[in-house]
Amino acid sequence: MSGEVQIELEIWDGPLSRHERISETTPRALREALLRLDGRHTDSLWIEIEHVGSLCIGGGPSAFVVVAFPSDGSSSHVVTGDEDGTTVELQVGGQTGNYSRVMVLPSSSAFEIAERFLQTSAFDTSLRWVEDCPAD
């Protein structure tokens, strides 16, 4: 059972952030919001589905990380291969960090994952998720 859907952008002004709620929760509105991710001032988008959890797409404008926060309190991120030690510098959540190259997705993949989550109200089990934090 899924519930209410919210989409929000996280926007940074120096050390302060604000959240901008997207009024529509359609695939088109989601894609337009994702296109605003610039990896500097607007560096993360959150899709929250009541009783399911949240999906965060961070980074931009052409490199993204995707993290799931299911309602059970766990968290996981998507990877595209095996760890090889290389990293990519990205700003996500107002902080710049070095992310493993296997975590960094092109915009087409990140947008597809976000749209699928919005449309199905479920985390895509065909993706390779690596657990960051176990369930409560």
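Derivation of every value follows stated rules applied to the coordinates shown; laboratory data play no part. Model, not experiment: these values are computed from the prediction. Positions of Cβ are generated from backbone atoms using ideal geometry, with glycine treated the same way; all protein chains shown enter the neighbour counts.
A compact table of results
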item	result
Per-selection Kirkwood Rh - the chain (Cα, Å, 1 d.p.)	14.9 Å
Mean-position separation - Cα centroids, the stretch 1-50 and the stretch 55-99, in angstrom	16 Å
Hz values of 3J(HN,Hα) by residue in the stretch 8-14 - Karplus curve (6.51, -1.76, 1.60), Gly and Pro given as x	9, 9, 9, 10, 9, 10, x
GNM result for the chain, Cα springs below 10 Å: residue of Ser126, Ser100, Ser76 fluctuating most strongly	Ser126
Cα gyration tensor category, rounded, prolate or oblate, for the stretch 31-94 with a/c compared to 1.5	oblate
Net charge contributed by nearby residues that have their C-beta within less than 13 Å of Ser23 (K/R +1, D/E -1)	-2
Candidates per trypsin sites (Lys or Arg not before Pro) in the stretch 78-136, loop by DSSP, up to 13 other Cβ within 10 Å	none
For the stretch 54-71, 3J(HN,Hα) per residue [Karplus equation, 6.51 cos²θ - 1.76 cosθ + 1.60, θ = phi - 60°, Hz, x = Gly/Pro]	10, 10, 10, 10, x, x, x, x, 10, 10, 9, 10, 10, 10, 9, 10, x, 5
Exposure proxy ranking, count of Cβ atoms within 10 Å, fewest first, for Thr25, Thr42	Thr25, Thr42
